[in-house]
Structures are given as structure tokens and as C-alpha cells.
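Right, one structure below, let's go through it.
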Amino acid sequence: MELNRRNFVKMLIGGAAGLQFTPLPWKLTDDIAIWTQNWSWLPVPQAGEFTLEKSVCTLCPGGCGIEVRKVDGRAVKIEGRTDYPVNPGGICPIGMGGLQLLYNKSIRFTGPMKRVGPRGSGIFKDISWEEASRMLTARISDLRKNGKPESVAAIDGNPGRSTMAMMVERFIKAIGSPNYIRIPSIEDTYRMSNIIMQGTEGPMAYDLENSDYVLSFGCGLLEGWGAPGRVFNAWGNWHEKSQKKNIRIVQVESRASNTASKADRWVAPRPGTEAALALGLAGVIIEKRLYDDEFINYNTFGFHDWKTADGTNHTGFKTMVLKNYSPAQTAEITGITPDRIISLAMDFIKAGAPIAIYGKGKGTLNGSLYECMAVQTLNALAGNINMPGGVIIHDPLPLNPLPAIKADAVTRRGLNRPRIDQAGSKRYPFSNSLVNNLTEAILKDSESPVDTLLVFSSNPAFTLPDHGRFEKALKKVPFIVSFSPFRDETANMADLILPDHTCLEKTNDIVWPTGLQYPMYGLARPVVEPVYDTRNMGDVIIGLAKRIGETTGASFPWESFEEVVKTRVMGLYNSGGGIVDYDGSAPAWKQQKQRGIIDQGYASFNDMWKKIKSGGMWYRPVHTYKNREGLFKTPTGKFEFFSTQVETAVYEYSKQVSRNKALKAFGIKEKGDMAFMPHYNPESAGKKETAYPLLMVPYEIINLCSNWIPGPPFLNKTLFDNELRGNDSFAEINPATASEYGLKENDRVIIKSQVGEIKVRISLFDGAMPGIVYVPSGFGHTAYDEFLKGKGVNPNDIIQAGKDPLSGQPVWWNTQVQLIKV
């Protein structure tokens, strides 16, 4: 087989024939091996004993089970596990390439280092762990002694529910700083949407496998969204000829991605108008009275018009949608014809178990909050909440909480000071973290409010939209510490490096993989000894806290990170009813329909812990469908089309300013009751700029890393030559747009926005919407080695990021640009 991207993708997702996924002894690895055999950092193992180690991949929040093949202790291959419920046999190409992140010395830090060259040069000097720990703890201790613990801040990219994220946040708070900042992701959008509409803190859980109609608003199902191995298996099951029910997949996005191309139906609205389309579909369903009367009348608030106790009349969701989102009005906004809108709405609502899901590509960054809420209204209208094949509402995973931190006077004073990013304030009541506000706060003042910045499992100098401003802010921070195992762009700006292990070298956990419909806890364990002088980040945090001493040290009574994990896992045992093994005989999503007690397979906590460590899993595939008693935890106790929490938040903020100014501060353009319901924000589709007449839309692909980790170099061989050629990456435009600008295939152009410019080649693509420029995310590194550095361009370089209404998170999906032929 010739190794190219077309053959790779064909094998990966089963090609046009819809072949089902199999585990990964793929023929392509033989061809890749030939290409990579001369890499100096990739020694050939001696002949020896073969062994297999089981673990969980933590390169993304999907948490797929993996099996690592070893020869004489050296890892030589990664495959998907067939005995793991999330992804039976499936794995994404990035997970498969994890060995190249383990052994590639040129992209890793091999031990603690301190900067000796100019900031950003990446020139470091080896130091001992003792010296590195002493440098950092002395600085933090001095800030505490001077009464400025809040000037320590952390940026964290670990999954939000994970024990590692909890440890980082605990460390910052134990120091006395409220400034724990997270990298935005789709999980943030899901969390806020669930709180506002359902009042629940549990994860977004989509019962995809039991649905018969999946309406995906932007989720890159074949690009790596959620748990990739899970979705790949689901896609294969959906297209099995033996499938008894007719399952339809509809993809809503402006570009013909792999998902859109292989879906049963592709709907392409103008970028940024997806909320209007969702509400237009809702309008058809409402106008034809096809919604679930029982669910709407007994389990929702704000659907019908109503009058409050003081006699004030309020407009309900039904009236608002019928007035503003008729098929004709929606067509004007989205570019989708009225007939197609009506047809799509009818197909959705008449399906047996329809589900509408929301995302943007892989979910690497956040989405639009109102857009996510608009999509969720479709599930409410279908009455498919807590139903088979619908959106499942769960409580958070029953892990034990850690004890409260110990706090002295210094810690208490620091924690009582306002957060630099204003998250959780009256201005941003639903956001836990706003890294974009941190950037602006540092740039605004002559002196940085952050003295010491700690960076964990993230590379914001590459992944953040308009990251140039973030890099400018970094230059003002006096002292930066990176815990990255990789020589990434952000780490190159650091003054001190305390390198973490890679995912194959350490204990770590995945708390509920993104989008999974049943409670799941995954535990990764070391499958090889550390290759270099690195340490588990969790162990390092414990050591630093103890070294600082006082109440900071007392807040970390554990001896190791594994002990912390074990403490939390005790909660799973106490909750009862979990399973710690999987034989593949019955998929977990099928087991979920069962009722009654399940066979746990362990007699004590120690027995359970031993099995979780070896098997890497605890899950509970039993759910009580159709039960809605006490399900919603909103102030009204119902699913809220009209959010009383948003109304209250605006009311509280309007005590300081007028109501109109309060709405403006929240980024909400509407003035009446519509402000508190899902609605379309015209600015999401971009403003009409004569100087910048086109929209640039970033997109993600399955075999290109766009998150904080570097891409395995072997994946370069799987890219089309109209995606990367030499050092040039490509932008996709429609032939009609190319004709308008006098462009042809392979022409070089400058894409210019108001904040910068990038140079690319042109790829003509009929699946690109006219007037839109599509640029892949994941290229354009200025760090790492020759396989990554200088390969292509990063669209984040020129994104002019606005703020998403209500959430305050960055708007990155549309940027006004112009094309200049070189």
C-alpha cells in the first residue's frame, strides 16, 4: 500500500464503504517504520521478550484504553485495547504515535533547567532537581512573606475534573492565590450550558450509540471529538449492514470536513449562524406542534408566555422563536433555504430517538454559550432528555473530595482578593476561568499583577487565539515556570523548567471522558520507566508544598500523587455499583439499558483499587431512563428555556449600573426577555468590513495535533500534499472565491487581518463555502525540532479574538481577513 493521507484516512474511518474499525496492526505502520528508521533518536530494540502493558491514553480528554507492546522493556507499539469499554479496539493516530513523544529527545526536556539565553530563545542550562525546587520555593516564600501570595498565578491545561487539575488548583490556593486559570475548552461551554439550563454540575453526556438520528452542530466526529476511539467504533456500528435500525447522521458546518463528507446529510450554514439554524428548526417543530407536550408542560420553564406575581407579562421561548426565527427569517441569516430548514426539522423530530449535539471540531477550544444552549433546546423539544439515545443527565462522578486546605492569615488575605481574570465575579458569574482576561490585565498595567506564573500541561503561546498578545503579556511577567515535558513555545519563554513525565511514564486519571453517556473513571499507569530525569507533576507539587512549609505544606499530607488518587477513588467504592473489568461481550452502552444491581467483581476497597490499577477502569453502565423527578436543579426545578439565573445575574450587576449597561457588559445585545433565552448574536457571523471582506475559519483534522502537545513526526507522512508541501501549509477556498481574486491552485497568498498576516498556498476546494478562507490548526510551530518547527502557519497568529456573550470566553471561530496574492 502506498502511504498517503487518502489511504490512511480510508483505513482510519472505513472509507466510503463504511468498513468498521478494527484494532491497529495497520499496514501503514510498516511504511512509516521505513521512513523513520534513520532517526537518530529512535534506536532499534534488540531481539528479546515481548510483553504487553495496559493503560489509558491521556493525550486528550477522551481517555481511550491503550495496550503498549514492549521488547525487553522498551515500548515499540501502541494499540487500542479491545478490553476497554470506551473504545473497544479503536485509537486515533495521535494516540498511536505516542511513542514518538516519549523517545524524541529533541522535543523533550531531559531534566530541570534554568534559562541562560534571552527569553524565548529556548537556551537553557541543566540544573538539579534540588536547585530547581529551591529556586521556586524561595520565590514563592518571599512573596508570601511580603504579603503578596496572590501575585502567583497558574495556567493549567489538565482536564478540569482530573486529580492533577485539582492538585494544581489546590497548590495555588494553599499558597494564598485565587488566580488559578484554565485553558478554555468545549467542556467549559458544556458546563455553563448545563448549569444555566438544567442546574446540573455533571458532564455533558450524549447517548450516541442508542440514537437513531444524530444532528451534529460542528462536532468533528471523525476529526477527534470526544473520545476518538469511541466515536470511530460508533461510526462503524452505525454503518453496519446488519444494523436493525436505520441510523442517520447529519453534520452542520460550513466546510465539507471528513465528518460532513461521510455523513448522510451535510448542512452548510454561514459560519457563526448555527444558533439561528437551531432556533429555526425549533420554530418549525413548535409551529407544527410536534414537540413533546408532556415534557414541555411538566418539566420546563419559560416555554409559554407567563405573568409574574407582580403582574409583569413575559415572552416565552415559543413566542420568541415563532416571531424571530421563521424558516424565511432563518434562511436570510444562515443561507439555508426554507424548504431545507423545514425538511431537516421534520426529519429530526420524527425520528425515534433523535439527539442534537454541539461542538467545534475536536473541542480543543471553547464554543459559543448561546449557540450551545440553542442546540440543547432541540433535545428539550424532542423530550429526549434522560431518554435512550438522548442527552443523559448525571451527577458528577462520586470521587471523594479532598480535605479543605489549611489557611493562615497570609493565605486568607490572598484568597479574599479579587481574581485577576474576574471569573466568577458579578461581571462573569458563570465562568470559572478567563485566560483572555488575564492577558489583558497584564498588558493594561505598567507593572504585571503576576510576579510568578506557573504553566502546567498547556502551551498557550501556540494554542490561544491571538496568542501574540499572550506572548507580549508573558514578556512582562518577571518569573515564569514551565512544568511541560516538551520544548514548546510557552516553555521557551520560561525562566525555570521542572519537566513532567509524558503520559506513558506516569500515573494520571481521566474523570469522565468527554461526551460519554455513562459514569467512567480511567486510570493511566506507567508502562515504561522514565526515559529522562523527569518527575510526575503531582509528586513535584507535593514536594514543593512541603518545602514551602507552613499551612501550604500542611495542605498536602500525602506522600505521593498516587496516594491522592487513591484517596479520591475511595469515593467510587463507597458509592457502590461500579465495574472494574470489561470483556467486550456486551458494549457498555447496551448494558446501560439494564436495571438492577450489577456484579462489581471486587470484595473490598483494596481489591477494587488493585483491579483499577491493573485494568485502568471503573464504570457504571446502568441508568434509570425516563426518570425526571428532581432531575433539574435550576431555581424553578425545571429545564429552563428562559434562564432565571441569567436574569438574576443581570439584575445583580444592574445594581451597579443601569440594566442596559449591565446587558452590554455581559455582551448581550438584546434588551427584553430574549436576553435570557438562547438567541442568535449577529456578531458571531462577523461584521461586514470592506477592507477585510472575507472570513477566516480555522479547522482541525484527525492526524494533526492542535492542542498543547507536539504532533508525532510520522504523521507528516499522512498529510495530503495540498495540506503541507515542504514548509508551506495551505488555505482552502472555493473556486468561485479564487476566480474573484485571480487565484489558482498552489498560488502563494498573504492572509491579512487587523492583527497580523500569514503566508500560505491556495488549495481549491468545492467543499469550502464561497467567501470563506479555511486554515488548518496545528501547523506553524516556532519550537520543537525540524519535523515540526517552521512547518506551515498557525491561524491563531492572526485571529482577532472577541468575547463570547455571557461567558466572556474568546471568540475564535471567525476573523475578518483579506487575501493578497504574492
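The values are calculated or read from the model by the stated rules, or taken from the named source; none is laboratory data. Source: prediction; values computed, not measured. All Cβ positions, even for glycine, are placed from backbone atoms using ideal geometry, and neighbour counts span all protein chains on display. When the accessible area is computed, the model is the full protein with side chains, heavy atoms only, and any ligands, DNA or RNA have been set aside. Shrake-Rupley method; radii C 1.70, N 1.55, O 1.52, S 1.80 Å.
How would you order 199-212, 352-365, 624-637, 259-272 from highest to lowest mean count of nearby Cβ atoms within 10 Å?
Listed from highest to lowest mean packing, they are 352-365, 199-212, 259-272, 624-637.
Placing +1 on the Cβ of each Lys and Arg and -1 on the Cβ of each Asp and Glu in the chain, which of Ser326, Ser739, Gln809 has its Cα farthest towards the positive end of the resulting dipole?
Checked the options; the winner is Gln809.
Can you give me the convex hull volume of the Cα atoms of the stretch 149-219, divided per residue and expressed in Å³?
Numbers: hull volume 8.7 nm³, N = 71.
Enclosed volume per residue, from the Cα hull, is 122 Å³.
Using the alpha carbon gyration tensor of the stretch 50-106, what are the three equivalent-ellipsoid semi-axes (square root of 5 times each eigenvalue), largest first, in whole Å? Please list the in-between numbers first.
Details: eigenvalues 69, 43, 12 Å².
Ellipsoid half-lengths, sorted descending, are 19, 15, 8 Å.
Where a Cα-Cα gap under 28 Å defines reach, which lysines qualify for Lys611, not counting those fewer than 8 residues away within the same chain?
Lys54, Lys70, Lys77, Lys506, Lys566, Lys590, Lys593
Per residue, what volume in Å³ does the Cα convex hull of the chain take up?
Output value, Cα hull per residue: 166 Å³.
Arrange the peptides 327-337, 532-542 so that the one whose residues have, on average, the most other Cβ atoms within 10 Å appears first.
Listed from highest to lowest mean packing, they are 532-542, 327-337.
Within the stretch 779-822, name every residue whose backbone N is under 19 Å away from a label modeled 7 Å from Cα of Ala691 along the Cβ vector.
From the stretch 779-822, the list is 798-802, 815-821.
Once the other residues with Cβ under 11 Å from the Cβ of Glu489 are scored (Lys, Arg +1; Asp, Glu -1), what is the net sum?
That works out to 0.
Using a basic spin-label model with each label point 7 Å from the Cα along Cα→Cβ, how many nm lie between Ser739 and Ser343?
2.5
Please report the net charge: other residues with Cβ closer than 14 Å to the Cβ of Tyr103, K and R +1, D and E -1.
+2
Say the cut-off is 25 Å between C-alpha atoms; which of Lys262/Lys360; Lys318/Lys669; Lys626/Lys671; Lys114/Lys475; Lys362/Lys688 go over it?
The pairs that break the limit, which is 25 Å between Cα atoms, are Lys626/Lys671; Lys362/Lys688.
Could you rank Tyr325, Tyr741 by how accessible they are, 1.4 Å probe, largest area first?
Ranked from most to least accessible, the order is Tyr741, Tyr325.
Which of the peptides 807-818, 107-118 is most tightly packed, and how do the rest follow, judged by the mean count of other Cβ atoms within 10 Å per residue?
807-818, 107-118
How much area per residue is accessible in the chain when the probe is 1.4 Å and only protein heavy atoms are counted (Å²)? Working shown, then result.
Numbers: 30000 Å² over 822 residues.
Ligands and nucleic acids excluded, the result is 36 Å² per residue.
Would you kindly state how much longer the chain becomes between Leu322 and Glu786 on full extension, computed as 0.36 nm times their sequence separation minus their alpha carbon distance, in nm to one decimal?
Full extension from Leu322 to Glu786 adds 161.4 nm.
Relative contact order for the stretch 50-106 using alpha-carbon pairs under 8 Å, separation at least 6, rounded to a whole percent?
Worked out over the stretch 50-106, it gives 26 percent.
What are the semi-axes of the equivalent ellipsoid of the stretch 694-821, taken as the square roots of 5 times the eigenvalues of the Cα gyration tensor, listed largest first and rounded to whole Å?
22, 20, 13
Compute the FRET efficiency between Asp83 and Asn574 as 1/(1 + (r/R0)^6), taking r as their Cβ-Cβ distance and R0 = 25 Å, and round to the nearest 0.05.
That gives a FRET efficiency of 0.45.
What is the spin-label model distance, in nm, from Ser560 to Glu652 if the labels are put 7 Å beyond Cα along the C-beta direction?
4.3
Round to a whole number: what % of the accessible area of the chain belongs to carbon and sulfur, probe 1.4 Å?
49
Relative contact order for the stretch 694-821 using alpha-carbon pairs under 8 Å, separation at least 6, rounded to a whole percent?
The normalised contact order for the stretch 694-821 reaches 34 percent.
Add -39500 (n - 2.57) for each DSSP H run of 4 or more in the chain, then divide by its residues: what number comes out at 222 nm, to the nearest 500 deg cm²/dmol? Spell out each step's value before the answer.
Working: 27 runs with 250 residues, N = 822.
That comes out to -8500 deg cm²/dmol.
So which lysines can Lys426 reach, going by Cα to Cα under 17 Å and dropping same-chain residues fewer than 8 places off?
Lys655, Lys661, Lys664, Lys803
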